[in-house]
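The numbers here are math on the coordinates, done by the rules we state, and not lab data. Quick caveat: nothing in here was measured; it's all calculated off a predicted structure. As a convention, Cβ positions derive from the backbone with ideal geometry for all residues, glycine included, and neighbour counts pool all protein chains shown.
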Amino acid sequence: MEPDKDNKENISKPTLNQKTKKKSEVISTLIMFVVAIAIAFVLAVYVFQQYEVDGPSMQTTLFNQNRLIVVKYERTWSRITGNPYIPNIGNIIIFHENGLYSSDGAPENTLVKRVVALPGDRVVIANGVLTVYDKQHPNGFDPDKDMSYGKVIGYTDSESSSNINLVLPKNEIFVLGDNRADSCDSRCFGPVNVSQVIGKLALRIYPFSKISIF
């Protein structure tokens, strides 16, 4: 007796349209993945980036292992337009500084400090006091006392046997760590060229109990 052909299971092979559809889905997924990576790269290089604090030089504003979001779009736009990026006095910035090493001998090229003087300003550090002379303050002012961040700043040593008294050249800024007693900054390596600036601090995202906007 012949088996009933109607009871045989019919196994259909994928049609050409099904194969094409599956191939298109795979290609679309790959394209989305590549685009996502490209967007993340562009954002990190030109818009914002995450950094981690390493060291005590910005205490008590920032502490070791704090995680920060640094914005770069202003610096990016200045480069597109061909103008130097000049941060404001009081801004906390991330910048490159070559030739520095940590206590264990490892290169320490990326620093976080506070801007206290801009190009053309005269900076004086004498008897533990910072004084900045600019067009708005021809008789000088102390950013540590006159600006809101100043409540965390203590004594400002010149870090040398003599006092500091200099006029900042074009496109150079003077930076200091908030923890003046334990900070390597413009007192030891001199003014910072604005081309070395990566961006300015916008947000602390960790620890969660210390989330802050700057």
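At 7 Å along Cα-to-Cβ for each site, give me the label-to-label distance between I37 and L100 in nm.
3.4
What does the helix-only formula give at 222 nm for the chain: each DSSP H stretch with n ≥ 4 adding -39500 (n - 2.57), the total divided by the residues, and the result rounded to the nearest 500 deg cm²/dmol? Walk me through the intermediate numbers first.
Details: 4 runs with 44 residues, N = 214.
-6000 deg cm²/dmol, from helical runs alone.
Could you check the simple spin-label distance between R122 and E25, using points 7 Å along Cα→Cβ, in nm with one decimal?
Result for the modelled spin labels: 7.4 nm.
Pull out a ≥ b ≥ c, the square roots of the eigenvalues of the alpha-carbon gyration tensor of segment 27-99, then state rounded if a/c is under 1.5, prolate if not and a/b is larger than b/c, and oblate in the remaining case. Display every interim value, and only then the final one.
Numbers: a/c = 3.01, a/b = 1.51, b/c = 1.99.
Cα axes put segment 27-99 in the oblate bin.
If you take the charge dipole of the chain about its Cα centre, with +1 on Lys and Arg Cβ and -1 on Asp and Glu Cβ, which of M147, I205, V175 is farthest toward its positive end?
I205
Here are labelled values, [x] 7, 27, 28, 13, 6, 5, 5, 4, 3, 2, 1, 0; [y] 9, 33, 33, 17, 7, 1, 0; [z] 8, 36, 40, 15, 1, 0, and one is the computed P(r) over Cα pairs in 10 Å bins from 0, in percent for what I pasted. Which one?
[x]
Taking R0 as 45 Å, what FRET efficiency do you get between S78 and I211 from their Cβ-Cβ distance, rounded to the nearest 0.05?
Details: r = 28 Å, r/R0 = 0.63.
So, using R0 = 45 Å, E works out to roughly 0.95.
Specify the angular offset, from 0 to 90 degrees and rounded to the nearest 10, of the alpha carbon long axis of helix 16-42 from the longest principal axis of the alpha carbons in the chain.
Compared with the principal axis, the helix lies near 0 degrees.
Compute the distance in nm between two label points, each set 7 Å from the Cα along the Cα-to-Cβ direction, one at T60 and one at K135.
Here the answer is 3.7 nm between the modelled labels.
Quote the relative contact order of the chain in percent (integer), defining contacts as alpha-carbon pairs under 8 Å separated by 6+ residues.
On the way: 369 pairs, mean separation 47.1, N = 214.
That works out to 22 percent.
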